[in-house]
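Values quoted throughout were computed directly from the atomic coordinates according to the rules given, and no laboratory measurement underlies them. Small disclaimer: the values here were computed from a predicted structure and weren't measured. Quick reminder, even Gly has a Cβ in these numbers, built from the backbone with ideal geometry, and neighbours come from all protein chains shown.
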Amino acid sequence: MILTNIEIGLSIEIDDKLVGNLIYIGKKHYPNEFGGFLIGNYSDDFKKLNITDTILPNRYKSTPFLFERENIGVDEQFEKFYKENPQKFYVGEWHTHPNNLPIPSNMDIKAMNNITNSKEVAIQNPIFLIIGYNKIKTELGFYIIFKNKIYKYETVNK
Amino acid sequence: MNKSEHLDSVIKTHQITKEEKLLNKFRERNKEVKDDLFEHYKGSIYNPFNSGSYAKNTAINTKFDFDLIAPFKRYAFGTKGTLKEMYEDVYDFLYEKYKDVAKVKKQKVSIGIEFYADSENDIVKIDVTPGRELNEKQYIEDSKLNLYVYSRYGKFDAGSERIQTNIQAQIDSIRNRATTEKDSIRKIIRLLKVWKKTKFDYPTKSYFLELITIKAFDNKTIAGNLWDKLKTVLEYIKDEVTKDSFTLKDKGNSSNDLADTLTESEKRTLSNDMKNILDRIEENDENIKTYFPENAKFKEDKKEENKYQVKGSGFFTIPPKNERFG
Ligand SMILES: [Zn+2]
């Protein structure tokens, strides 16, 4: 699927299979939250982000209202993606909101800012995906912090 | 729902928002000038009002012409006060009031206040036209005003006191016409003003272009797409302005002929310019961009396109440790 934010003029493409996979993995942890890292790369004009894969955390804590992941033991996987052709790298993070909407909580916003501004993160604008779901439906929210403001992407086609 | 259509409308509305932001700046400044005049000339002035393009719904988005009419009472400047004294007094007042924040200068019948560019590089310009009612309290009945002509203006000499006009009627006429003829007249007027803006200090008044467009619609069958319509109006102007019989009656005062605001040679220039536009565009469609350019301001915004970027030189990242989401 392709998503875009018209105001900033940037878009995201994410493979439907990957989306399905993330939802599947996330729901397995019900009623707890869960999440991971997003892998991908940019289009030649740097206007589109392709999200291609996920890396799941080795160590994490999770409850119905909290998901804390560590970065221990994932280095090798990041290196492997980086050596691929085309090169793939860390582009953001995802996590679930069981029984809730994909709207960033205050804790999410704090984490999004920390990550965006972290010196260890090479890219300027990591993407944050929240998967909100309940028994009936699942909703995705893709967010970016761009020039200090949070923007949400909207679906343009499937 | 058609998605693309929707997106198109989203983009357009964003542009309107930008336009509106600038328009609000004009409105604020406009109110400031209006209030200052009313306060300073308390008792000697009727309510100042706007007669400019904005009120006429023909504003071009880069620059709104805000014309503010200051209608003075007959004896505002004494029983023997002249129109020149009125003009000079208003100039002196505005100059003192705004000299630190704007360029204040004398123009044909108005005083221009061009505020210095603000932090967003927007320039707001308000033209104040002082006018005086013909007889005591007559303005309330007929809305007529005598204006002072500062610089040479067509066949009226500088310093003359002859122009007399019912500005309110001018506004009403264009407003009514524009709404009944759908958008065509308005669009053509906009285009002609865009073209006029490409010329430096062009003698043809915007009001002249507005009236002649309306006259063209009165006298010609104007149909087809927007270019067909514009072309017909350009041809009409080219053919008509140089004719001896050419008149252009002011809707605000039928004894005032706008045709007289241009000299014979200025009319020939206008006609030649129309011919040039038509010929050059006939030769090459691309030339339409020269005569009717897009709004550079919006283009700049488009140029300054956002991109995903990296902070340094590489992309490789090990994500920061221990982040908590809720
Ligand atoms: Zn969350």
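In the stretch A:97-129, which residues are of a type in the set (S, T, N, Q) and away from the ligand (no atom under 15 Å from the Cβ)?
Matches in the stretch A:97-129: A:THR116, A:ASN117, A:SER118, A:GLN124, A:ASN125.
Quick one: B:ARG324 ticks every box in (1) of a type in the set (D, E, K, R); (2) assigned to a helix (DSSP H, G or I); (3) within 14 Å of another protein chain (Cβ to nearest Cβ) bar one, so which box is it?
(2)
Every residue in the stretch A:130-141 that is within 13 Å of the ligand (Cβ to nearest atom) and over 15 Å from the mean Cα position of the chain (by Cα), please.
Across the stretch A:130-141, the qualifying residue is only A:TYR133.
Mind counting the residues in the stretch A:32-61 that are within 16 Å of the ligand (Cβ to nearest atom) and assigned to a strand (DSSP E or B)?
Step one: filter the stretch A:32-61 for residues within 16 Å of the ligand (Cβ to nearest atom), giving A:32-38, A:57, A:60-61.
Within this subset, residues satisfying the condition of being assigned to a strand (DSSP E or B) are A:35-38, A:60-61.
Within the stretch A:32-61, residues that are within 16 Å of the ligand (Cβ to nearest atom) and assigned to a strand (DSSP E or B) number 6.
Between B:LYS243, B:LYS238, which is without any contact (Cβ under 8 Å) to a residue 24 or more places away in the chain and charged (D, E, K, R)?
Values: B:LYS238 fails: without any contact (Cβ under 8 Å) to a residue 24 or more places away in the chain.
B:LYS243 is the lone residue from the list that is without any contact (Cβ under 8 Å) to a residue 24 or more places away in the chain and charged (D, E, K, R).
Would you confirm, using the coordinates I've provided, whether A:ASN100 is loosely packed, with under 15 Cβ neighbours inside 10 Å and in a loop (DSSP other than H, G, I, E, B)? Walk me through it before giving the result.
On the way: loosely packed, with under 15 Cβ neighbours inside 10 Å: no; in a loop (DSSP other than H, G, I, E, B): yes.
Here the answer is no, as A:ASN100 does not meet what is asked.
Could you say whether any residue in the stretch A:85-96 is among the hydrophobic types (A, V, I, L, M, F, W, C), within 10 Å of another protein chain (Cβ to nearest Cβ), within 26 Å of B:PHE315 (Cα to Cα) and within 15 Å of the ligand (Cβ to nearest atom)?
yes
In the stretch A:38-82, how many residues are more than 7 Å from chain B (Cβ to nearest Cβ), among the basic types (Lys, Arg) and touching a residue at least 12 places away in the same chain (Cβ under 8 Å)?
Qualifying residue count for the region: 2.
It is to be established whether one or more residues within the stretch A:13-21 are more than 10 Å from chain B (Cβ to nearest Cβ), more than 15 Å from A:THR138 (Cα to Cα), part of a strand (DSSP E or B) and touching a residue at least 24 places away in the same chain (Cβ under 8 Å).
So far as the stretch A:13-21 goes, yes, one or more of its residues are more than 10 Å from chain B (Cβ to nearest Cβ), more than 15 Å from A:THR138 (Cα to Cα), part of a strand (DSSP E or B) and touching a residue at least 24 places away in the same chain (Cβ under 8 Å).
Which one of the conditions (1) more than 11 Å from chain B (Cβ to nearest Cβ); (2) assigned to a strand (DSSP E or B); (3) away from the ligand (no atom under 15 Å from the Cβ); (4) of a type outside the set (Gly, Ala, Ser) does A:ILE144 fail to meet, given that it meets all the rest?
(1)
Which fully enclosed helices (runs of 4 or more DSSP H) of the stretch B:198-308 have 1 or more residues being within 19 Å of B:ARG186 (Cα to Cα) and among the charged types (D, E, K, R)?
B:206-219, B:226-240
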